[in-house]
Structures are given as C-alpha cells and as structure tokens.
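The values are calculated or read from the model by the stated rules, or taken from the named source; none is laboratory data. Being a predicted model, the structure only gives us computed values, none of them experimental. Heads up, the Cβs are rebuilt from the backbone with ideal geometry, glycines too, and the neighbour counts pull from every protein chain shown. For accessibility, only protein heavy atoms count, side chains too; no ligands or nucleic acids. Shrake-Rupley method; radii C 1.70, N 1.55, O 1.52, S 1.80 Å.
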Amino acid sequence: MARKPFVVTHAVREKVRHLAGLGVPQDDIARIVRCSPKTLRKRCRDDLDCGVAEANAIVSGCLFAAAKGGSIAAQIFWLKSRAQWRERAAAGDRAADGDAEANSPVVLVMPNNGRDPELVGVQENSLERKRRR
C-alpha cells in the first residue's frame, strides 16, 4: 500500500516556522506534522530557516529594547556579544588570575627514601612553608 502524500499547506508552514523558532529539533517537528525528517527538510527548508531567524530577530529586538531602557545586564551582554567587549584584569591584580599558588611553579616532593640528602632538604623546606601559612 502506498503512503499518503504529504501536502504542505499554509497551516503546516506556519507550524513548522513557529516550532523551529522555539528551538524544537527537526525530528520532533517532523513527528508533529506527520512526515519524515527528510521530507520536512526537503519541502519546508525555507520555513525551518526563517523560523529560527525570526525568533532570533524578536529576541534581539527585546534585548536591544531592554538595553536602551536601562537594563545594565542587557547592556553588558549586548556589548560583550555584539561589540566584542572583554573584561581585562589589571597587570598587578593576582586575584583576577585565580589562585596565587596556581601560578607558582610546581615542586614535586617524593617521600624520603634515605638515598638523596638534597631531596630530604627540599621536603623539609616544603613542610616548613606549609606550617607558616
């Protein structure tokens, strides 16, 4: 028995455009409109693309309006994402670099095996520095 042909109506196009704009995966949209994902992509490619673009335009407009309206968070987000603004730490600010010890050289101290007096001295110095903290 042959499959029933998939007819793309104006209502189907609007539904695909709306669901694509909401971020619904194409496989799920195909299931909702009762066709295969391949048929959806073939017959409704423009609606899939336009739905996403229209949703992005609406959200961008709302974000822009919020930024113009005085929302500091919206202004910061807009400038970081659209104007490539970045926060830079001051050169002498070690707290911005993270943990101060994370930037210091790493010293691996092996357990005292009694064979190398130099390593025993390094281990004792390390323990003494830990006690001072």
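Right, residue 12: modelled with pLDDT of 95 or more and more than 30 Å from residue 82 (Cβ to Cβ) or not? Show your work before the answer.
Numbers: modelled with pLDDT of 95 or more: yes; more than 30 Å from residue 82 (Cβ to Cβ): yes.
Considered against the rule, which asks whether it is modelled with pLDDT of 95 or more and more than 30 Å from residue 82 (Cβ to Cβ), residue 12 comes out as yes.
Within the set 3, 31, 17, the sole residue that is free of Cβ contacts under 8 Å to residues at least 40 places away in the same chain, open to solvent by 60 Å² or more (accessible area, probe 1.4 Å), assigned to a helix (DSSP H, G or I) and of a type in the set (D, E, K, R) turns out to be 31.
I'd like the residue in the range 41-70 that is outside any helix (DSSP H, G or I) and either at pLDDT 95 or above or of a type in the set (A, V, I, L, M, F, W, C) (or both) and, out of all such residues, is surrounded by the most Cβ atoms within 10 Å (Cβ to Cβ). Steps first, answer last, please.
Residues of the range 41-70 that are outside any helix (DSSP H, G or I), as a first pass: 44, 69-70.
Next, from what is left, pick out any that are either at pLDDT 95 or above or of a type in the set (A, V, I, L, M, F, W, C) (or both): 44, 69.
On the way: 44: 25, 69: 9.
Applying the filter and picking the extreme gives 44.
Here residue 24 meets the list (1) open to solvent by less than 80 Å² (accessible area, probe 1.4 Å); (2) farther than 26 Å from residue 3 by Cα almost entirely, failing just condition (2).
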